[in-house]
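First comes the structure, then the notes that go with it.
The values are calculated or read from the model by the stated rules, or taken from the named source; none is laboratory data. Given the structure is predicted, the values throughout are model-derived calculations rather than measurements. With ideal geometry, Cβ positions are generated from the backbone for all residues, glycine too; neighbour counts draw on all protein chains shown. We work out accessible area using only protein heavy atoms, side chains counted, and drop any ligands, DNA or RNA first. Shrake-Rupley method; radii C 1.70, N 1.55, O 1.52, S 1.80 Å.
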Amino acid sequence: MDIIRVEGGHHLEGSVSVSGAKNSALKLMAATLLAPGATTLTNVPNISDVHVMGKVLKGIGATIDVLDEHTLRIDTSSVDSWEAPYELVAKMRASTAVMGPLLGRFGKAKIAMPGGCNLGARKIDMHILGLEALGVEFDTEHGYIYADARAGLTGTNVTLEFASVGATENLIMASVRATGTTVIDNAAREPEIVDLASMLNEMGAKISGAGTPVVTIEGVPELHPVEHRVVGDRIEAGTFLVAGALMAGPAGVEVIGFNPMHLNMVIRKFEAMGISFERTADGLKVSRVERIEPIDIQTLPFPGFPTDMQPQAMTVSALADGNSIITENIFENRFMFASELVRMGADIHIESHHAMIHGVSGFSGAQVSSPDLRGGAALVIAGLTAEGITEVSAVHHIARGYERFVEKLSSLGAHVEHASVPDPDLD
Ligand code: EPU
């Protein structure tokens, strides 16, 4: 069994560069389906979710050349099937992002129905309602969704019940090839959506308003391949900033390779907790916080506080001088990591989607298990501050979204390593 072993108490110093954003790269890879020919993506993170999306694309006939560790040339000229199979959708729900582009280019898609995941039920009803409005007919059979738009996609007005990231992306990717104009109201505004719209516009699409609640897409007859750089990962950046806030030595920790504007709300909340940041030429520098103020945070769609930073924020608040409250509004199961943090000495009480956190003076190293990607990263960071050794298991979750997490932390001076321990099930 692979684990990450952390020896707590060592200061972090230096500069760390974040990779391209997972949640952008996956959708940009799917979007290459819209432009027959070879699209080149640079700054692609080398993480396991990207490998899964690569398998989805290859499975339907795309060819992928890895030009270097972070550059993929994806040729979708000879795509000849329209299926995202169960074994890949079950591994990674974001495989469903191929639905919009497959409908846009071929008018059909067969997608395994995503079940729940460790963040909750995670339905895709809004994707389906929106696509139906564009003229797609759906059928479900044997665990698969069959989507048919061979009669053509027609632009229309779609109002999303909730600003869903995935639904906004699938609707944009289907409607770029529709006849007429589509207006998505209450669209998600995440920077990754802006990145997707930018690449599609470079390909010849006519999308305006990405990054605002109203996105307008004028359909075009065809798109052409381009070269595009994936936006820097704001969540990876935020994760390293939290590590620095808790453990930086006198020289601080600088995080580069992302746009600090994408973390405005995170920075505002962290400043209210007493953490100080300094703009540098390439990113942000964080200093170690002396006294952590308690905080009230609720997760919301962008530009609100991101759910993907909630476990990291809870880790900080668990060490605050007072009582904090964190409300999770996006995913029903995103507090699972809290019970692992309690094993390290945190004092957290969960009541439905609220967490009441009574600050403690420190964590004690323990064996804990990553419940999911962001929770796993937060546990490693908790381990950096803890007295003694922390062993984090189920680290495949972390590898889904953090490229070389252990190596990057080590480069800052953390005492952290990958290790193998006997699997308890086999004893
Ligand atoms: N929802 C529905 N019906 C839908 C779509 C969404 O009920 O048709 C619900 C979901 O169940 C969830 C909420 O709405 O409770 C938000 O879902 P959204 O569609 O916005 O999220 P997503 O597209 O599934 C992406 C990221 C997540 C990130 C969220 C919110 C990717 C691959 N995933 O998920 O990233 O937390 O947006 O910002 O882009 C992560 O990176 O750790 C991660 C989970």
Can you grab the distance from the C-alpha centre of segment 1-28 to the C-alpha centre of segment 55-131, Å, no decimals? 26
Heavy atoms of the protein only, probe of 1.4 Å, neighbouring chains included. What is the accessible area of Asp139 in Å², nearest 10? 100
Under unit Cβ charges (Lys, Arg +1; Asp, Glu -1), what dipole magnitude, rounded to 20 debye, does the chain have relative to its Cα centre? 660
In deg cm²/dmol, rounded to the nearest 500, the helical mean residue ellipticity at 222 nm of the chain, built from -39500 (n - 2.57) for every DSSP H run of length 4 or more, is -9000 deg cm²/dmol
Could you pull the accessible area for Thr181 with a 1.4 Å probe, rounded to 10 Å²? 70
Would segment 98-188 count as rounded, prolate or oblate if I go by the C-alpha gyration tensor, calling it rounded below 1.5 in a/c and otherwise prolate when a/b exceeds b/c, oblate otherwise? oblate
Accessible area in square angstrom per residue, segment 17-64, 1.4 angstrom probe: 22
Going by Cα centres, segment 339-362 and segment 393-419 are how many Å apart? 24
Gain upon complete extension [Thr154, Ser208; 0.36 nm per residue less C-alpha separation]: 17.7 nm
Solvent-accessible heavy-atom area per residue, rounded to whole Å², over segment 217-312 at 1.4 Å: 40
Whole-percent carbon and sulfur contribution to the accessible surface of the chain (1.4 Å, no ligands, DNA or RNA) stands at 49
Search the structure for amide H atoms under 5 Å from the amide H of Ser15, placed 1.01 Å from N in the peptide plane, and list their residues when 5 or more places away or on another chain. Glu254
Using the Kirkwood formula on alpha carbons, the hydrodynamic radius of segment 208-364 in angstrom works out to 17.1
What are the GluC sites (Glu not before Pro) within segment 1-82 that DSSP puts in a loop, where the Cβ has at most 13 other Cβ atoms within 10 Å? Glu69
The answer for Asn329, listing residues at least 5 apart or on another chain whose modeled amide H is closer than 5 Å to its amide H, is Thr299
Glu222 paired with Lys91, simple spin-label distance in nm, labels 7 Å along Cα-to-beta-carbon: 3.4
Quickly rank 123-132, 367-376 as a protection proxy: mean count of other C-beta atoms within 10 Å, highest first. 367-376, 123-132
Using Cα springs under 10 Å in a Gaussian network model of the chain, which residue among Leu28, Leu384, Leu160 shows the largest mean-square fluctuation? Leu160
For segment 319-411, what percent of Cα pairs sit more than 16 Å apart? 56
From Cα pairs below 8 angstrom and at least 6 apart in sequence, can you work out the relative contact order of the chain, rounded to a whole percent? 21
Residue by residue through segment 63-76, which ³J(HN,Hα) values in whole Hz follow from phi under the Karplus form 6.51 cos²θ - 1.76 cosθ + 1.60 (θ = phi - 60°), with glycine and proline marked x? 10, 10, 9, 8, 6, 8, 3, 10, 10, 10, 10, 10, 9, 9
Checked the chain with the C-alpha gyration tensor, a ≥ b ≥ c its square-rooted eigenvalues, rounded below a/c of 1.5, otherwise prolate if a/b is larger than b/c and oblate if not; verdict prolate
Between Glu417 and Met1, what FRET efficiency follows from the Cβ-Cβ distance if R0 is 25 Å, with the result rounded to 0.05? 0.95
Going residue by residue through segment 318-333, the Karplus relation 6.51 cos²θ - 1.76 cosθ + 1.60 with θ = phi - 60° gives ³J(HN,Hα) values, rounded to whole Hz and with x marking Gly or Pro, of 5, 10, 6, 8, x, 9, 10, 9, 10, 10, 9, 9, 9, 10, 6, 10
Within the chain, which complete DSSP H helices have Cα atoms spanning at least 18 Å along the helix axis and a mean Kyte-Doolittle hydropathy of -0.5 or higher? 234-247, 373-385
Long-range amide H partners of His415 with built H, under 5 Å: Glu7, His10
Students often get this wrong: which residues of segment 317-337 have the backbone nitrogen under 16 Å from the point 7 angstrom along Cα-to-C-beta of His354? 323-330
